[in-house]
Every structure is written in structure tokens, then in C-alpha cells.
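**Q** Take this structure first; my questions come after.
The values are calculated or read from the model by the stated rules, or taken from the named source; none is laboratory data. Remember, predicted model here, so these are calculated numbers, not experimental data. Cβ atoms come from the backbone with ideal geometry, glycine included; neighbour counts cover every protein chain shown. Each accessible area value is taken on the protein alone, full model and side chains, heavy atoms only, with ligands, DNA and RNA left out. Shrake-Rupley method; radii C 1.70, N 1.55, O 1.52, S 1.80 Å.
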Amino acid sequence: MDSECVSLLPRVCKVLADSGSLPDDTSLEKLLDWFTMLIKTGESVLESCPCVTEFISTVVCNTASEPSVLSFTLKLTGLLAATEDGFLTLQECSALDQAFSLQHWQGAGLWEDPCLRIGWIQGLKNSLQHPKALSFFVQSDFIQPLIQLQTDTSLFVAAAANQMLADVLLLFQPVSSSGCNSMDEKEEKVNGRTLHASNIDLEQPAVTMETSAEYTAVVKVVSQYLKESIVPKGNTQLQKTKQTLKLLALLLAQARPPLRDELLQTVSGSLEEVVTAGYSQLTLPLLEVILAAYSSSRTESVLVQRVGSLLSSMLNINKPAEVIQAAAAFLRSGHHDTTHTPQAVRILLLPLDIITGHTLLGTDVSADDQQFTRADHLTNKTSCISLICTCLTNTSNITLVPSGLLPCPPALIITAVLSLMRICRGVSTSSSSGCGDICRNVIGSGKVQKCALDALTFLSSSPGAKEKISEVFTVLVKYLENPDSEPTVIHKTYQAIIKWISVCTDFSFITDQLRRDLVEVVKKRVCDMRWEVRDSTVEFLGHLAGVSVSLKSAEEVCSASEALLGGCSTTPLLREALQDTESYVRASAVSSLAKTLTHSWQQGAAHTQEETEIVSRLLEILSKDTEGFARRAVVQYFIAWFSTSSSASHLTQSVHSVVSQGSADLDWEVKFHTLELAELLMDEIFSGRQGYRKSLDTHHDAQHPYGVVSEQAYTLHTHKEEVASDLSRVLKNLVEQGVVSVLLSSVIDCDRPVALKACQLLITLRQTVCPLLLGNQDASTETIDRVSCELPGWGWGLEIRKILGIKKSNDAQEMDMMAKVETGEECAVEGGDSVTVGLCEVLGSLGLDNMLDVLTQSSDHIHNSPLSLLQDILTARAANTSSDTHPGQEVIVDCY
């Protein structure tokens with residue numbers, strides 16, 4: 001522990017032990033985090049800081065302390081008692097008994113505060129890391145109050161008590177023979193030495209005890225509680241039953257034999273009683289318990305059979321809403337067997353079978369399969385939509401079921417979903433009689449349509465899906481054409497098209513009529529009144545262009561846009577979208593244009609007049625658009641262009657404008673993307689030159705700007721004169737492109753990610769250039785020395801000059817300029833003279849390594865420390881008690 005912290009801790013303990021409260025309770029949580037970290041690293045807090053023991057004894061005896069301080073003290077007590085040494089120290093001074101004595105807190109009238117109860121639970125939980133703490137827990141009879149807290153009025157307290165009771169029971173179970181040599185060896189490891197916090201997990205206790213009278217008593221009490229609490233004594237106790245079932249599911253999922261078997265043996269009768277009673281509110285909690293027992297049972301036994309029987313009962317409930325929930329939960333669990341999996345699938349497919357008239361369940365339909373028609377749930381619009389959506393939502397789980405367990409081929413499920421989608425549009429395809437009312441319930445339902453589209457997207461990879469692709473696209477195009485389709489429905493329709501075309505290998509299904517229909521609807525939707533629809537359409541065009549598909553032979557590859565839209569060029573549509581009134585649409589149009597033009601860039605096609613006009617519009621967006629979304633997309637467009645184009649010479653004219661405008665943007669992401677473009681320019685300029693690395697993973701490789709490096713690593717050519725001359729041209733090009741100005745202006749940016757990226761790139765540049773300047777400065781290096789850059793007499797130029805210590809000839813003018821900068825006044829460019837400096841001089845004098853050290857630290861690294869926290873507590877307390885503090889005046893705690 002830091003010596004300064006040790007010196008401050010007694011004063012902090014005294015402040016906390018005072019009856020007054022802190023203005024910010026989060027400081028207590030941060031203080032607890034610090035103690036936790038100390039203990040995990042093996043620090044003996046009670047030995048190095050005896051004031052902590054005194055603090056605990058004082059606070060637990062002072063019932064006038066604030067509940068937040070009391071709760072903090074209980075948590076800290078348990079944390080310190082997690083080691084045997086700490087436990088014994090606290091027990092010797094009676095602090096442990098006093099801290100966790102219920103009679104003490106109840107007598108003082110403080111137990112009613114949920115803050116104290118939470119502290120009591122978490123404090124005890126923290127301490128249960130060794131046998132002595134476990135024995136203390138049992139001998140103090142804490143199991144009974146912990147059981148009472150399961151149904152606490154505070155949900156936070158009840159949840160914490162629920163978790164702790166499960167932890168306690170799991171701690172007391174015998175050690176499994178697997179993974180441990182013997183019980184005796186395990187006991188020796190636990191009891192033979194003091195357990196340090198560095199050897200334990202304070203959040204997940206793992207210390208166990210061998211079977212004993214204490215263990216038996218605890219298991220008996222908890223098992224009896226579970227048995228009595230599972231069956232509700234009326235609707236008023238359903239919440240208590242839910243909490244009990246949650247606890248039981250937690251236990252069965254983690255317990256090992258014989259504890260798991262003993263729990264099941266005790267509660268199975270109660271579970272059967274609740275299943276038989278058919279409480280709708282308990283369906284899912286009950287199924288979680290049954291699935292936890294089902295998944296952990298691996299052997300054939302009477303208990304396993306009883307669990308299977310319970311699961312069958314849950315899947316035979318004569319309540320459509322509940323049985324569908326149970327079937328869906330079973331499939332989500334991922335457990336498949338030949339009995340329950342087919343049953344669950346049939347339950348989920350039955351609503352779809354009834355409404356579409358397709359025989360998804362086969363010809364052998366049992367009486368149980370007709371329970372929905374008897375219950376009339378599908379004739380009620382609300383329940384019908386709910387059941388249908390549950391069925392569709394779980395289609396993804398049905399597709400994971402082995403085909404041998406399905407009642408019908410997956411292709412038939414696709415057909416049924418398509419039929420349902422037609423019904424939703426008002427086109428009835430049901431062949432079954434008496435389903436007219438049911439069909440009317442889903443017509444125009446956006447909720448059913450969205451679920452159906454999601455299901456169709458999942459089914460694209462099912463066996464037999466390829467045979468249905470023509471029918472699928474016909475239905476999807478009709479959805480796009482439907483004027484009543486909601487924006488979200490249209491968006492999901494586009495997603496389904498992209499998914500299905502990406503798995504398609506034969507495009508013969510795309511008729512000329514289908515292409516014409518799709519082209520027409522896309523042209524219509526890109527001009528839709530709703531901006532969400534326009535945005536989805538523009539995104540769709542970009543996604544189509546970005547998906548590569550194979551034609552008849554593997555050698556023939558084209559974009560999905562070419563395959564689906566034929567000769568229709570989408571570029572004019574996207575160019576028009578650049579003028580959209582909504583910024584999201586403009587941004588999507590820019591991104592989609594980049595994807596659309598990627599192929600021509602890769603092929604090195606000649607620069608067209610259309611592309612020139614696009615670039616002009618993009619530069620206009622970058623300089624004038626009021627929304628950051630579109631401006632970010634523009635810079636990313638040029639990044640994609642530059643990194644994809646095989647010949648980037650035609651980009652030269654626009655690059656300078658992009659980097660200069662982007663680096664001056666107010667949006668930090670635009671500035672960051674501009675630096676990524678600058679990095680690409682550096683990669684291009686220094687391409688193939690030894691000594692240049694494309695990325696700077698760490699700055700530790702260059703501890704000193706002029707450190708000794710391998711001569712071979714930086715040998716660009718045979719002669720040093722040629723090296724310097726060639727590099728000089730490269731550096732001048734870099735300056736002319738505006739890259740150096742962008743890096744220098746960004747390295748002092750107020751946004752840390754921007755400054756960090758710029759600093760890394762400047763160090764990369766320095767590592768490439770400066771090694772050539774080692775040794776004697778002969779004529780061969782003078783050419784590099786003469787490469788210069790200009791520092792303007794305003795803005796970032798002044799800041800860089802301040803760092804370099806450059807003085808202007810007119811000191812009075814400079815002082816006036818600096819004063820304006822500090823007061824926030826604008827300075828005209830002509831108000832100061834530019835200064836020309838050598839590029840290498842700048843790179844060597846900026847102190848880039850120190851900058852990088854600061855920038856790589858978090859923004860609050862100066863204040864994010866235990867010492868700062870302790871000082872804040874003392875300062876806040878002093879300010880809170882000062883006579884100079886006015887009533888109601890806020891005291892701010894700078895708590896990290």
C-alpha cells in the first residue's frame with residue numbers, strides 16, 4: 001500500500017466513523033473496490049492499517065451512523081474476513097459477532113433499512129471463503145434469516161439473498177472425486193494453511209467442506225424450505241413461488257450428486273403438484289427448473305424418469321399460450337431427444353399449420369394437436385397474433401433440429417411462411433375450412449409481417465431452400481410494392497433479399513419481368529415520402545453492390561446488383577440521394593456509392609465525368625453539411641477509393657481538399673477518419689521503402705528519437721546521396737499534400753483519439769526519416785534538412801510554435817496574438833506571420849514520446865487513484881462541516 005495512503009487512511013476512517021454522511025455515496029463503493037484490490041493482491045490490510053479494525057468496531061457499535069456507512073462497513077468486514085488471518089483478527093476483537101448480529105441491528109431499529117440488509121448479505125457472502133467462516137455462518141444460525149430474506153419487500157435484497165442461499169448450499173456439498181485426488185488432500189489444502197485473497201475468487205466462492213452434521217443440517221433446512229415454498233397457498237403467494245423456483249433452477253444447474261438428487265427427491269412431489277394445478281404465471285419458471293434438472297441428469301433412474309414425466313406434462317398443458325411458451329423454451333435450451341423435441345416442434349408449428357392450411361404436422365394429427373381449435377385462441381385477434389409471432393420467432397430454433405425429428409421437410413415450412421405473408425397482404429391462400437376469421441386477424445399486421453420476414457431470413461440456409469427461391473423473391477417484391485408496408489417491414493424485406501441472394505447459386509429464376517418489377521419498385525422507394533424507407537432503399541443498393549455472386553460457372557463472378565437489377569445503373573439514384581434533406585439518407589448514399597464504384601476502382605477504369613461530379617458534391621458535403629453522419633461518410637468514401645483503386649493518381653487533386661477540410665472539422669470522428677486517410681497517403685508515398693512500418697503498435701521500439709538503429713534496416717539504395725535525394729522528394733510531396741499540416745494540427749487536438757492517432761503517425765514518420773541523420777551532417781543529408789513545412793501565425797501553428805519555443809521577430813505582436821488565443825478571441829490569418837521550419841527539426845523537437853505516454857493513458861489517470869479518492873473524502877467532509885459553507889451549497893466529490 002502506498003505510504004501516502006497509509007498516512008491518510010486513519011483520518012479517513014475517523015471521518016467515516018463520524019455520525020455525519022458523505023455528500024456522495026459512490027465514494028464508499030470506490031473505497032471498497034480499493035480494499036478488494038488490495039486483498040486480492042495479498043495485502044494484509046489489518047496488519048498494515050490497524051485503524052481499519054478500530055473503525056469497524058466503532059461503526060458497528062455506533063447505531064447513529066448513516067445506513068450507507070453501516071452497509072459499507074458490513075461489506076468491508078466480510079471482505080477482510082475472507083482470509084483466515086483476517087477472520088481470526090476480527091473475531092478476537094468481537095467485531096465479527098457484532099457486525100453480523102441480527103439482534104443488534106433489529107434492536108437498534110436499523111434492520112428495516114434495505115441498505116443495511118444488502119450490506120449484511122454481501123458482507124457474509126464475501127467472508128465465506130474458508131471452513132472457519134462456513135462454521136461461523138452455521139453456528140450463528142444465519143440460514144434462517146437468509147431464508148426469510150428470500151421474499152423481502154426489496155427486490156434487490158430478495159435477489160441478493162436468493163443468490164447467496166444458492167452459494168451457501170453449493171459450498172457445503174462434498175468435493176467431487178473428479179478433479180481432486182482425495183477428500184483428505186482437499187481438506188489439507190483448505191485447513192493446512194491460511195487462504196490469501198490472491199488464491200480465491202471473492203465473487204465465486206469455491207471452498208467446500210466434506211459431509212458433516214453441519215452440512216446435513218443446512219441441506220435439510222433449505223430442502224424443506226424449497227418443498228414448502230414451491231406450492232403457492234393462493235394467488236397472493238405466486239411471487240414467493242417464482243422466487244423459490246428461481247432459486248431451485250439455480251441450484252439444480254450447478255449442484256452435483258448427491259446434492260442434486262437429494263434436492264430433486266425432496267421437491268419432485270411439489271413440482272408435480274404445481275404442474276398439475278396449471279398456474280399460467282408459473283409456466284416459464286417451472287420449465288426453467290425442469291430443464292435445469294433435465295440437462296444435469298445423465299443416467300437412467302427413477303428421478304430421471306420423473307423429470308421426463310414433468311417435462312411431458314408441461315408440453316401437454318391444455319392452454320395454448322402456456323404450452324407454446326413451454327415448447328419454445330425447450331427448443332431454446334438446445335436439448336434434443338426423440339420424445340420431447342418432435343412434440344415441441346409440432347406445438348410451435350400448429351398455429352402456422354392451421355392458419356395456412358399446409359399439413360406441416362403430416363397426416364397423422366393427434367387429438368392433442370387440435371387443442372388450439374378447441375380453445376378458440378386463434379379466433380381472438382390479440383392471442384392469435386401473439387401465438388403466430390411466437391411460432392415464427394422460434395423458427396430459427398426449429399431449423400437447428402435434426403431433420404429426422406421434424407414432422408415435415410423444411411421446404412414445406414418455407415412454403416407455409418410465404419403463404420402467411422400473402423395472407424397478411426390480404427391474399428388468402430388457406431385451403432382449410434373455417435379459417436376465415438383467423439386469416440382476418442393477421443391481415444395488415446406489421447408485427448406478424450416482421451416476424452415472418454425474420455423467419456424467412458433464417459430459413460434461407462435450410463435444406464430445400466434453393467428450390468423455393470423464385471417463389472420467395474416474388475413474395476418479397478410484392479411486399480416492396482405494397483403501399484401499406486411499414487418502413488420496418490420494407491427494411492426487413494431488403495434484408496431478406498440480400499440474405500437469400502447471397503446463398504443462391506442459380507440465377508435462372510430471375511426473369512426479365514422480375515427484374516423490371518424490382519427496378520421499378522426500387523426507383524419508387526428511393527423517392528418515398530418517409531425518410532426511413534429512402535434510407536433503407538439506399539442502403540439496400542449499397543449492400544447489393546457489395547455482395548459477390550457466382551453465375552453458371554465459378555469463374556463468372558459479378559455483384560448481386562448486376563445479377564438482380566440487370567443493366568440498370570444505380571449510380572444516378574444514389575447521386576440524387578446525395579441531395580436528400582435527411583442526413584441519414586445522405587450518409588447512406590455516400591457509403592453505397594463507395595460500394596457501387598468499388599469494382600471499377602479495382603479494375604483501374606478511367607476516371608469519368610460522372611465520378612468528377614460525384615467528388616465535387618462530396619467535397620461540398622464535407623465543407624457545408626451541418627450533420628456529422630454525412631461528413632464522416634465522405635471521408636470514408638475517399639479512404640475506400642484510395643485503398644481500393646489500382647491507380648490513385650486521379651485522386652491527387654481532391655486529396656488535399658479532403659485532408660485540410662476534414663482535419664478542421666468539429667466532429668472528432670471526421671478528424672479521426674481524416675488521419676486514417678493521411679496514413680494511407682503515407683503508406684502510398686513510402687511504399688516499398690525499408691525502414692517504414694505501416695502501423696505503430698507500440699512506441700517502446702523507439703525510446704529515443706535519434707536512437708541507434710540497424711544501418712541495413714534503413715538502406716533504401718546503394719548510395720547515401722541517392723537515399724537523401726529520393727527521400728527529400730518524398731517528404732516534399734507529403735508536405736504539399738497537406739499531410740504534415742494535418743498531423744501537426746491534430747497532435748494538439750482536444751479530442752484524445754485524434755491526438756493519439758496523429759502522434760503515432762508522426763512517430764512513424766520520424767522513425768523513417770531521422771535515422772538517416774545519424775552521424776556527421778555531410779552534404780548528402782542537407783537535402784533532407786532543407787525539407788520544410790510552414791507553421792501559420794494563428795491557431796494550431798501558434799500552439800506548435802509554443803512547444804518548439806520559436807519566437808517571432810515582433811514580440812509585441814506575438815504577445816498580443818497569444819493574449820487573443822488565451823481569451824478565445826478570433827485571430828485573423830494575416831494577424832501573424834507564418835514561420836518556416838525544417839521538418840526533421842520539428843519531428844525531433846516536439847517531444848512525441850512524452851506526448852504518446854500521456855495520450856495512451858486514460859483521460860482521468862491523474863485523478864483515478866486511491867490517494868485522490870482518500871483526499872476527496874477528507875476534502876468533501878471538511879467542506880461539508882465548514883462554517884463558511886452556505887446552506888444548500890453543493891459539495892462536489894471528484895470521485896473517479
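**Q** Taking amide hydrogens as modeled 1.01 Å from N in the peptide plane, which residues meet the under 5 Å criterion relative to Leu791, leaving out close sequence neighbours?
**A** So Leu791 has HN proximity to Val835, Thr836, Val837.
**Q** What list of ³J(HN,Hα) values in whole Hz, one per residue of the stretch 327-334 in order, does the Karplus curve 6.51 cos²θ - 1.76 cosθ + 1.60 (θ = phi - 60°) give from phi, with Gly and Pro shown as x?
**A** 5, 5, 5, 5, 5, 5, 5, x
**Q** How would Arg516, Arg586 rank on accessible area, largest to smallest, probe 1.4 Å?
**A** Solvent-accessible surface, decreasing: Arg516, Arg586.
**Q** If you don't mind, another one. Calculate, for the stretch 1-124, the solvent-accessible area per residue in square angstrom, rolling a 1.4 angstrom probe over the heavy atoms of the protein chains.
**A** 39 Å²
**Q** With a 1.4 Å probe and all protein chains left in place, how much of the accessible area of the stretch 1-129 comes from carbon and sulfur atoms, in whole percent?
**A** Values: 2390 of 4980 Å².
In the stretch 1-129, the share of accessible area belonging to carbon and sulfur is 48 percent.
**Q** Considering the options Val477, Pro410, Cys504, tell which one lies farthest towards the positive end of the dipole of the stretch 394-512, charges being +1 on Lys and Arg and -1 on Asp and Glu at the Cβ, about the Cα centre.
**A** Pro410
**Q** If you plug each phi of the stretch 67-76 into the Karplus form 6.51 cos²θ - 1.76 cosθ + 1.60 with θ = phi - 60°, what whole-Hz ³J(HN,Hα) values come out, in order, with x for Gly and Pro?
**A** x, 5, 6, 5, 4, 4, 5, 5, 5, 5
**Q** If a/c stays under 1.5 just call it rounded; otherwise compare a/b with b/c (prolate if a/b is bigger, oblate if not). Do that for the stretch 386-427, with a ≥ b ≥ c from the square roots of the Cα gyration tensor eigenvalues.
**A** Since a/c reaches 1.5 but b/c is at least a/b, the shape of the stretch 386-427 is classed as oblate.
**Q** Another question about this same structure. Tyr494 accessible area, nearest 10 Å², 1.4 Å probe?
**A** 10 Å²
**Q** Here is a follow-up. Given the whole protein assembly as supplied and a 1.4 Å probe, what does the accessible area of Thr89 come to in Å², nearest 10?
**A** Taking all protein chains as shown, Thr89 has close to 50 Å².
**Q** Quick check: residue separation of Gln163 and Ser3 times 0.36 nm, minus the Cα distance between them. What number comes out in nm?
**A** Result: 53.8 nm gained on full extension.
**Q** Using the Karplus curve 6.51 cos²θ - 1.76 cosθ + 1.60 with θ = phi - 60°, what ³J(HN,Hα) values do you get for each residue of the stretch 341-347, in whole Hz, with x for Gly and Pro?
**A** 5, x, 5, 5, 5, 4, 4
**Q** With a Förster radius of 60 Å, plug the Cβ-Cβ distance of Leu88 and Ser569 into 1/(1 + (r/R0)^6) and report the FRET value to the nearest 0.05. List each step's numbers first, then the result.
**A** On the way: r = 82 Å, r/R0 = 1.36.
Computed FRET efficiency for Leu88 and Ser569 comes out at 0.15.
**Q** May I ask you to rank Asp484, Asp853 by accessible area, largest first, using a 1.4 Å probe over the protein chains only? Before the final figure, lay out the partial values.
**A** Details: Asp484 130, Asp853 70 Å².
Sorted by accessible area, descending: Asp484, Asp853.
**Q** Find how much the distance from Gln237 to Val221 grows on full extension, using 0.36 nm per residue of separation minus their present alpha carbon separation; answer in nm with one decimal. Don't skip to the end; give the middle numbers.
**A** Numbers: separation 16, 0.36 × 16 = 5.76 nm, distance 2.04 nm.
Difference between extended and current length: 3.7 nm.
**Q** What's the extension gain from Asp726 to Arg440 if we count 0.36 nm per residue and subtract their Cα-Cα distance? It would help to have the intermediate numbers written out before the result.
**A** On the way: separation 286, 0.36 × 286 = 102.96 nm, distance 7.77 nm.
Result: 95.2 nm gained on full extension.
**Q** Just to verify a number: what accessible area does His599 come out at with the full protein assembly present, 1.4 Å probe, Å² rounded to tens?
**A** 110 Å²
**Q** Let me ask something else. Considering only protein heavy atoms, what per residue accessible area in square angstrom results for the stretch 456-499 with a 1.4 angstrom probe?
**A** About 41 Å² of surface per residue is accessible.
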